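The values are calculated or read from the model by the stated rules, or taken from the named source; none is laboratory data. Note that this is a predicted model, so its numbers are computed, not measured. When we count neighbours, we look across all protein chains shown, and the Cβ atoms used for this are built from the backbone with ideal geometry, even at glycine. Keep in mind that these areas ignore ligands, DNA and RNA; they rest on the heavy atoms of the full protein, side chains included. Shrake-Rupley method; radii C 1.70, N 1.55, O 1.52, S 1.80 Å.
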Amino acid sequence: MADTERVPTIIADNAHIIYRIHGSIGPHQSSPLSSFKRLVTRQKSTAIREVHAVKGASFVAYRGEAIGLIGTNGSGKSTLLRAIAGLLPVERGGAIYASGQPSLLGVNAALMNDLSGERNVTLGCLAMGMTPAQVKEKVDDIIEFSGINERGDFSSLPMRTYSSGMSARLRFAIAAAKKHDVLLIDEALATGDAKFRKRSEQRVRDLRAEAGTVFLVSHSEQSIRDTCERSIWLEGGVIKADGPTEDVMKEYETFVKK
Amino acid sequence: MAQTTVVESYTGPTPQELARKYGLGTAGRLPSLPEYTRQLWAYRHFIWEFASAKVSAALGNTRLGMIWQVLTPLINAGVYYVIFGVLLNTKRDTDNFIAYLCAGVFIFGYTQSVVQTGVQAVSGNLGLIRALHFPRASLPISIALVEARNMIASMAVLIAIVLFTGEPINWQWLLIIPALLLQTIFNAGAAMLVSRLGSKLHDLRQLIPFIMRVWLYGSAVLYPVTKYTEHLHGWKLAVIEANPVLVFIELIRHALMENVTLAGSPMLLWTEAAVWALVVGIGGYAYFWRGEKGYGRG
């Protein structure tokens with residue numbers, strides 16, 4: 001589209017992201033005495049540990065791009081997406097700039113397990129900022145798309161009775177019901193059976209056509225190759241490579257096979 | 001789509017300049033307080049639905065379901081009746097002690113349950129916070145809303161008890177509406193306050209039961225308020241009489257009961273209640289808003 005002037009939608013400038021984890025108490029620290037000793041000696045509590053998940057990521061994403069994020073498990077891909085969405089704070093010294101409000105499409109969106117699928121759809125849509133009228137309009141479409149009613153009326157049963165595939169499909173269906181300016185997709189394509197995957201890939205393509213920029217985190221090389229022309233390879237929180245998908249994939253594959 | 005882009009390292013404008021040129025905002029920027037309030041208002045339907053969802057989730061797997069909303073305060077009143085009315089027979093100090101006691105128990109219980117659940121409003125919903133974008137104040141506010149809805153059932157039970165123990169109905173009863181409204185504002189502020197504190201200070205949860213117990217004894221719930229004037233004076237009495245929950249309890253007793261000795265004149269009590277509601281309501285809101293962007297960190 002705008003080849004003459006490329007419009008940036010996401011700019012990451014030396015972004016560091018640190019998780020603080022409470023309650024990771026080791027076997028030798030569980031006695032009251034050792035806790036007390038720690039307080040007296042002013043030692044930093046080991047119950048609060050810091051995980052430096054992303055170490056200084058810098059890149060620019062432009063409108064019309066689809067960018068794949070690859071890397072081994074625990075390399076900071078999902079964390080980076082959450083920071084782009086503004087859900088996790090970036091440490092001082094760096095920043096992530098975004099146009100509009102990027103939306104994260106993840107399969108981890110926690111919904112309430114004790115409620116029926118239908119109420120979760122309502123709740124999820126409202127949490128994404130839809131009006132009750134829009135929600136009413138969309139509920140049936142979302143349930144239909146998720147396909148949870150293919151084996152009887154499951155949408156009125158509590159979500160804790162769903163299989164993991166079913167609840168993942170419902171979550172994806174909820175998240176994909178909204179149009180997004182910048183879309184961040186986290187492993188969403190890997191959910192469900194082959195039939196659902198086909199449908200969801202089509203939905204992602206539709207969303208992509210409407211969205212300015214798409215980020216995709218996936219372990220499926222095929223879906224990255226199919227949808228993304230540019231890829232970023234993260235390893236241990238550091239960007240190892242950033243460029244055309246083919247080149248980055250090759251580097252990544254040689255790294256993994258080692 | 002044949003655009004390929006190789007951006008290993010770009011030269012030219014710095015990231016900040018580039019961001020400013022194209023009008024990009026920092027992801028996770030703190031909105032101004034009016035802007036935040038507007039966002040929160042736009043999410044009012046979510047807050048309401050989240051509150052109802054919480055109630056159904058909590059009662060959904062019980063056999064009696066929603067009946068518990070009425071049963072809980074009834075059983076609560078029954079327990080106190082057996083202990084104080086039958087076993088200890090504390091009737092001689094105050095006229096209509098049962099109604100006096102129940103008003104205290106229910107009004108104190110309202111603030112107590114908001115504080116107890118509010119402490120976990122943020123730390124208990126980290127999954128939701130890390131997955132979706134919404135003004136985080138929705139969470140403590142919906143907790144205050146859940147308890148406000150439970151309070152309506154409790155009030156019905158309380159009114160039945162008061163009537164049953166022989167208090168006459170009069171126009172003064174309508175005063176319970178503004179009194180409960182002020183308490184609800186106070187509670188919402190308190191919920192936001194403790195939820196931000198609880199999100200950082202996980203140890204607070206362990207302390208809450210003790211804090212609440214001290215608060216209970218300082219709120220003239222189980223014994224008449226005249227006990228304080230008899231035994232305390234100076235700053236200790238001043239502290240006790242400024243206790244917001246004591247003020248709310250006294251207002252309800254004043255509204256529902258005929259011959260009741262209050263801690264102060266009704267005018268003074270109403271002023272105190274309004275000041276507490278405004279200070280804690282607005283203060284709690286502003287305090288919660290300041291931390292808005294850090295809640296995802298855990």
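Are any residues in segment B:173-199 open to solvent by 10 Å² or more (accessible area, probe 1.4 Å), closer than 22 Å to B:S154 by Cβ and of a type outside the set (A, V, I, L, M, F, W, C), and if so, which ones?
Residues satisfying the conditions are B:P178, B:T184.
Consider only pairs whose beta carbons are under 6 Å apart and that are at least six residues apart or on different chains; among these, list those whose first residue lies in segment A:110-130 and is facing another protein chain (nearest Cβ under 7 Å) and whose second residue is assigned to a helix (DSSP H, G or I) and open to solvent by 40 Å² or more (accessible area, probe 1.4 Å).
What qualifies is A:L126/B:H45.
Do you know which residues across segment A:163-176 are out of contact with any strand residue (DSSP E or B) (no Cβ under 6 Å at 6 or more places or on another chain) and within 21 Å of A:E65 (Cα to Cα)?
Scanning segment A:163-176 gives a single hit, A:A176.
Look at segment B:28-65 and say how many of its residues are in a loop (DSSP other than H, G, I, E, B), touching a Leu at 6+ places or on another chain (Cβ under 9 Å) and within 10 Å of chain A (Cβ to nearest Cβ).
Count: 3.
Out of B:L278, B:L268, report the one residue that is free of Cβ contacts under 8 Å to residues at least 12 places away in the same chain, out of contact with any Cys (no Cβ under 7 Å at 6 or more places or on another chain) and part of a helix (DSSP H, G or I).
Of B:L278, B:L268, the one residue that is free of Cβ contacts under 8 Å to residues at least 12 places away in the same chain, out of contact with any Cys (no Cβ under 7 Å at 6 or more places or on another chain) and part of a helix (DSSP H, G or I) is B:L268.
State the number of residues belonging to segment A:73-92 that are open to solvent by 40 Å² or more (accessible area, probe 1.4 Å) and either touching a helix residue (DSSP H, G or I) at 6+ places or on another chain (Cβ under 7 Å) or more than 14 Å from A:I232 (Cα to Cα) (or both).
4
Give me the pairs: first residue in segment B:76-89 and of a type outside the set (K, R), second residue surrounded by fewer than 16 Cβ atoms within 10 Å (Cβ to Cβ), beta-carbon distance under 9 Å, and six or more apart or on different chains, which are they?
Going by the 9 Å Cβ cut-off, the qualifying pairs are B:F84/B:K91; B:G85/B:K91.
Which one is nearest to the other protein chains (Cβ to nearest Cβ), of the residues in segment A:74-87 that are over 23 Å from A:M128 (Cα atoms) and in contact (Cβ under 8 Å) with a residue 40 or more places away in the chain?
Filtering segment A:74-87 for residues that are over 23 Å from A:M128 (Cα atoms) and in contact (Cβ under 8 Å) with a residue 40 or more places away in the chain, the one nearest to the other protein chains (Cβ to nearest Cβ) comes out as A:G76.
Inspect segment A:60-70 for any residue being modelled with pLDDT under 85, more than 19 Å from A:G243 (Cα to Cα) and surrounded by fewer than 21 Cβ atoms within 10 Å (Cβ to Cβ) and give the result as yes or no.
No, that holds for no residue.
Looking at (1) more than 19 Å from A:F59 (Cα to Cα); (2) in contact with a helix residue (DSSP H, G or I) (Cβ under 6 Å, 6 or more places away or on another chain); (3) among the β-branched types (V, I, T), which is the one condition that is false for A:T227?
(2)
How about segment B:223-238: which of its residues are under 21 Å from B:H254 (Cα atoms) and either touching a Gly at 6+ places or on another chain (Cβ under 7 Å) or part of a helix (DSSP H, G or I) (or both)?
Within segment B:223-238, B:T226, B:K227, B:Y228, B:T229, B:E230, B:L237, B:A238 qualify.
I'm told A:A209 meets every condition in (1) in a helix (DSSP H, G or I); (2) in contact with a Gly (Cβ under 8 Å, 6 or more places away or on another chain) except one. Can you identify the failing condition by its number?
(2)
Quick check on segment B:246-266. Is at least one of its residues open to solvent by 10 Å² or more (accessible area, probe 1.4 Å), farther than 16 Å from B:L180 by Cβ, modelled with pLDDT of 90 or more and more than 14 Å from every other protein chain (Cβ to nearest Cβ)?
no
If B:S219 satisfies every condition in (1) part of a helix (DSSP H, G or I); (2) surrounded by 14 or more Cβ atoms within 10 Å (Cβ to Cβ); (3) in contact (Cβ under 8 Å) with a residue 12 or more places away in the chain; (4) out of contact with any Asp or Glu (no Cβ under 6 Å at 6 or more places or on another chain) but one, which is the exception?
Here B:S219 clears every test but (1).
Sort out which residues of segment A:129-160 are assigned to a helix (DSSP H, G or I) and open to solvent by less than 50 Å² (accessible area, probe 1.4 Å), and write them in order of number. Before you say what the answer is, go through the steps one by one.
Taking segment A:129-160 and keeping what is assigned to a helix (DSSP H, G or I), we get A:132-146, A:148-151, A:159-160.
Within segment A:129-160, A:V135, A:V139, A:I142, A:I143, A:F145, A:S146, A:I148, A:M159 qualify.
Can you tell which of A:H219, A:H180 is in contact (Cβ under 8 Å) with a residue 12 or more places away in the chain, out of contact with any strand residue (DSSP E or B) (no Cβ under 6 Å at 6 or more places or on another chain), in a loop (DSSP other than H, G, I, E, B) and not small (G, A, S)?
Details: A:H180 fails: out of contact with any strand residue (DSSP E or B) (no Cβ under 6 Å at 6 or more places or on another chain).
Within the list A:H219, A:H180, the selection yields A:H219.
Count, please, the residues in segment A:190-206 that happen to be open to solvent by 10 Å² or more (accessible area, probe 1.4 Å) and not in a loop (DSSP other than H, G, I, E, B).
Number satisfying all stated conditions: 11.
Given the options A:G106, A:G100, name the one that is touching a strand residue (DSSP E or B) at 6+ places or on another chain (Cβ under 7 Å), at pLDDT below 85, within 7 Å of chain B (Cβ to nearest Cβ) and under 17 Å from B:F134 (Cβ atoms). Please lay out each step first, then the result.
On the way: A:G100 fails: within 7 Å of chain B (Cβ to nearest Cβ).
Among A:G106, A:G100, only A:G106 is touching a strand residue (DSSP E or B) at 6+ places or on another chain (Cβ under 7 Å), at pLDDT below 85, within 7 Å of chain B (Cβ to nearest Cβ) and under 17 Å from B:F134 (Cβ atoms).
Checking B:P135 against (1) more than 9 Å from chain A (Cβ to nearest Cβ); (2) closer than 21 Å to B:R290 by Cα; (3) in a helix (DSSP H, G or I), which test does it fail?
(3)
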